[in-house]
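Some notes on the structure that comes next.
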Amino acid sequence: MIKMNAYTSYQFSRRSGLCKVVLPGPFHHSLLMLPCVLRSARPAVQTLAFSRQTAQFRPQMASDRPVETTVRAKLTAALEPAHLEVINESHMHAVPPGSESHFRVLVVSSRFEGLSLLQRHRLVNETLREELSNSIHALAIQAKTPEQWENNPSLAKSPPCMGGSKHDNTVAGKLKAGQH
Amino acid sequence: MNTLVRSAVRCLRVDTVCRTGRADGQVFASARLLCAAAGQRDFAEMVKKDKVVVFMKGTPAQPMCGFSNAVVQILRMHGVDEYAAYNVLDDQDLRQGVKAFSNWPTIPQVFFNGEFVGGCDILLQMHQNGDLVEELRKLGIRSALLDAEKGEKSK
């Protein structure tokens, strides 16, 4: 690991040319090299960490997050979104860690053109009918046309939880269903 | 309307009688259908009885869910204090019934003059783009935000 970092940072600094600043006097090697290496090492480490995460991320999508995967697949197939975000917000609520009960979706699709907000939301709900009745407890929806998304590319925030799921039997049932 | 419901009930009864000789499950299914028909009629009345009707988790004074709370807060911002709020956590039949009635899978649900408006996301967006002020005006309710704006301008 250390070898890898040292090597990639070396590669990075060579390519970026960050270390090629030449200053006169005794500062030349000792002092300038340190921040230079640090600066160049940071992006290299980040790249490494990122690629490692995505490597783990993919198999997780299929096995550990079945609901999220299905939601993504169904919305993609039904609405051909230009942009799609599926966010699992379950951790914000009174459900066990790793649950797939509370979701927020942002769907940008030309299919929404000419439809009222209610019709757009119904389209999303209809697409996810099975998941909504079996595993998803809460679904926040943003349904935009590509033009609307271009004018205002912002993801809304969900309000803080007020503990409604804590003593809710239907949530417990859905949580079980979502784990299958 | 009443005769229609009655005839539907009669029809279902006949159905039940006809099927008594068959599997028990079918009789049960007919009985449940009857309940659904009766329930639906109630909802249509419930949402028409008041100009603004909200089905939510908890009460306006003590909402039990962030999304329900958001609806309460939005209405409060517009000065809408008088509305019917039904707590679906009190009653599972109410909770499932309203979902079937509006064909909408989540709570909260907002109705204006008996017409389904949407859930939290839709009400929030209507609040943000100004549609809510206009929709309230159609109900004969003057949004408090209009007065607040005037107050700010005159300062």
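The values are calculated or read from the model by the stated rules, or taken from the named source; none is laboratory data. Here the structure is a predicted model, which means the values were calculated and not measured. So basically every Cβ, Gly included, is an ideal-geometry build from the backbone, and we count neighbours across all protein chains shown. We work out accessible area using only protein heavy atoms, side chains counted, and drop any ligands, DNA or RNA first. Shrake-Rupley method; radii C 1.70, N 1.55, O 1.52, S 1.80 Å.
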If you go through the range B:143-154 one residue at a time, do you hit one that is part of a helix (DSSP H, G or I), of a type in the set (A, V, I, L, M) and within 14 Å of the chain's Cα centre (by Cα)?
no
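Select from the range A:129-142 the residues that are at the interface with chain B (Cβ under 10 Å from one of its Cβ atoms) and over 20 Å from residue B:68 (Cα atoms) and write down the one among them that is nearest to the chain's Cα centre (by Cα).
Per the stated criteria, the residue is A:131.
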Only residues that are assigned to a loop (DSSP other than H, G, I, E, B), more than 10 Å from chain A (Cβ to nearest Cβ) and either over 24 Å from residue A:143 (Cα atoms) or open to solvent by 60 Å² or more (accessible area, probe 1.4 Å) (or both): list them for the range B:76-125, please.
B:78, B:79, B:80, B:81, B:82, B:83, B:91, B:113, B:114
Total residues in the range A:143-153, condition part of a loop (DSSP other than H, G, I, E, B) and either within 11 Å of chain B (Cβ to nearest Cβ) or crowded, with 18+ Cβ neighbours inside 10 Å (or both)
2
Going through the range B:126-142 in order, the residues found to be among the aliphatic types (A, V, I, L, M) and within 19 Å of residue A:121 (Cα to Cα) are B:126, B:132
If you go through A:55, A:62, A:78, the only one that is modelled with pLDDT under 95, in contact with a helix residue (DSSP H, G or I) (Cβ under 7 Å, 6 or more places away or on another chain) and not in a loop (DSSP other than H, G, I, E, B) is A:62
Residue that is surrounded by the fewest Cβ atoms within 10 Å (Cβ to Cβ), among those in the range A:107-142 that are in a loop (DSSP other than H, G, I, E, B) and out of contact with any strand residue (DSSP E or B) (no Cβ under 9 Å at 6 or more places or on another chain)
A:114
Sort out which residues of the range A:154-164 are more than 8 Å from chain B (Cβ to nearest Cβ) and either touching a residue at least 40 places away in the same chain (Cβ under 8 Å) or touching an Asp or Glu at 6+ places or on another chain (Cβ under 9 Å) (or both), and write them in order of number.
A:155
